[in-house]
């Protein structure tokens with residue numbers, strides 16, 4: 001089994017075990033929390049594991065799955081709330097009905113709220129190398145999740161529909177909405193492994209271009225994926241008149257930008273040596289997605 | 001200045017200082033976060049300070065206001081989400097328009113999300129006596145906020161409208177929806193003061209009856225306060241056909257129950273000696289509210 005599949009399996013085993021059982025009251029809430037954590041690429045958990053192994057070598061101990069699960073729970077909460085009728089009003093997520101469609105809007109709000117609390121509960125309960133490190137990890141996740149991170153990015157994203165924006169503004173939005181949690185994933189994996197401040201700095205240097213590249217690639221895939229799968233021109237972003245890297249740079253320009261950022265991230269990862277193979281693979285997969293996209297469109 | 005006013009002033013000064021400025025982007029979000037923290041009795045911060053002073057004597061250091069502010073931010077987030085159209089659809093809170101009415105539903109969802117993250121950021125950033133204690137505090141707050149605490153209680157509350165319930169069910173709901181965060185406030189104040197496990201146990205023993213008493217008193221005030229202020233019989237709970245301690249025990253029965261619980265809480269606080277004067281005062285104010293309520297109705 002390759003390492004990406006192993007990490008996915010490990011975090012999913014943790015989630016299955018650690019989430020409240022679907023028949024524990026309040027049943028509707030707990031069933032919906034489990035629903036919210038079904039599916040997805042488990043990218044953030046993979047980054048936690050990959051950063052750990054980049055610092056300490058292969059074979060992360062079992063408790064690292066709890067850190068990975070915490071980051072995934074935080075990500076899942078943000079998707080549940082983003083999908084709400086008052087936000088993106090999405091109907092499906094990971095090929096399943098969105099939580100509010102299956103369980104109602106009130107429960108979906110509460111599912112997100114409970115998953116955020118659970119993320120911090122798991123993080124605070126993990127056997128960190130030292131309590132200092134654990135407390136630092138909580139601070140990192142909290143900042144990445146707050147009004148100067150993920151939530152602030154989402155707020156800007158809502159106000160970006162149907163108006164012009166400069167590239168710098170879009171970059172700032174993407175950094176907060178997605179980049180900071182990806183960076184937190186890497187840093188938390190590093191902290192779990194006892195990373196030195198220098199190693200932490202390298203992980204952050206990888207996270208910057210990787211996170212932005214990931215979002216730029218998403219802009220490309222939103223256009224190309226739609227051509228491919230729906231046979232019509234323009235994805236959700238374009239329907240909404242939302243500014244994206246594709247509207248700013250054109251499809252080819254955005255693709256080149258993403259690939260350039262992924263190259264930068266891979267170069268930054270060289271400083272971690274052979275241990276960073278897992279990280280290199282993750283970035284390669286991201287780059288592959290957007291490289292292939294061109295062929296699908298052609 | 002009496003100590004209750006001093007604690008209120010101190011936590012409000014912390015919030016004013018520590019919340020992101022209203023003109024820091026995203027401005028709408030930050031302005032709305034500040035709006036969400038306006039008003040209220042600041043009961044939970046008072047419990048943090050009171051527990052601290054019960055253990056260590058008068059004069060909590062300035063950083064305890066950060067712990068108190070974290071608990072208040074968490075409480076404020078829960079009110080913003082409870083007030084949403086999909087939940088209680090409340091129009092006013094603390095005499096001001098509810099956040100979703102003034103800033104829109106999407107922003108109100110994000111305000112709650114950001115305030116929860118901020119609560120954990122503040123908690124993790126406080127200079128606890130030791131990092132172990134800080135990490136323990138994060139775990140306590142996270143559990144009190146999660147699906148087995150506040151959020152689970154709110155989920156049950158939503159499903160309680162227009163159906164029968166036993167007293168045990170209502171007690172369990174109240175314990176989770178309100179009691180656990182009140183208990184967390186006391187325990188966090190105790191941890192800040194370096195409480196021994198025995199002292200922590202006393203704080204929890206106070207929290208149990210105090211928290212339930214507080215909610216039972218609220219049921220009484222919901223009926224009596226309405227008679228007083230609106231001149232009609234039956235408050236919001238009754239309009240909704242919601243089971244309360246008043247529907248279960250009658251108005252007098254519920255009032256007696258609340259007063260009995262407050263007596264229990266004050267007796268438990270005796271074990272902390274003279275330092276617990278602040279705590280005794282807080283419980284006395286709670287009891288006073290419900291005792292006076294009878295007179296207003298008469």
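Descriptive notes on the structure:
- Comment: the Cα-to-Cβ extended label point of residue A:62, at 7 Å, lies 4.6 nm from its counterparts in the other copies, nearest first.
- Relative intensity, log₁₀ I(q)/I(0), of the protein assembly as shown from a Debye sum that treats every alpha carbon as a point, q = 0.09, 0.12, 0.13 Å⁻¹: -0.71, -1.20, -1.38
- Residue B:159 paired with residue A:96, simple spin-label distance in nm, labels 7 Å along Cα-to-beta-carbon: 1.8
- Each of B:87, B:33 was scored by other Cβ atoms within 10 Å of its Cβ. Arranged with the fewest first, they read B:87, B:33.
- Gyration tensor verdict on chain A (Cα atoms; rounded if a/c is under 1.5, prolate if a/b is larger than b/c, oblate otherwise): oblate
- Counting beta carbons within 10 Å around each of A:81, B:35 and listing the fewest first gives the order B:35, A:81.
- Chain B: most fluctuating residue of B:204, B:147, B:78 per GNM, C-alpha cutoff 10 Å: B:147
- Cα-based shape type of the stretch B:1-54, given that a ≥ b ≥ c are square roots of the gyration tensor eigenvalues and the cut on a/c is 1.5: prolate
- Ranked by how many other Cβ atoms sit within 10 Å of their own Cβ, fewest first, the residues B:257, A:38 fall in the order A:38, B:257.
- Distances from residue A:196 to itself in the other copies, using label points 7 Å out along the Cα-Cβ axis, amount to 4.4 nm in increasing order.
- Label points for residue A:252 are taken 7 Å from Cα along Cα→Cβ. From this copy to the others they lie 8.8 nm apart, shortest first.
- Chain B residue nearest the axis that carries B onto A, by Cβ, with distance in whole Å, is B:131, 2.
- Structural descriptor for chain B: relative contact order 20 percent, calculated from alpha carbon pairs under 8 angstrom and at least 6 residues apart.
Here, each number is a calculation from the coordinates, and none is a lab measurement. Because the structure is predicted, anything quoted here is derived from the model rather than measured. Cβ atoms come from the backbone with ideal geometry, glycine included; neighbour counts cover every protein chain shown.
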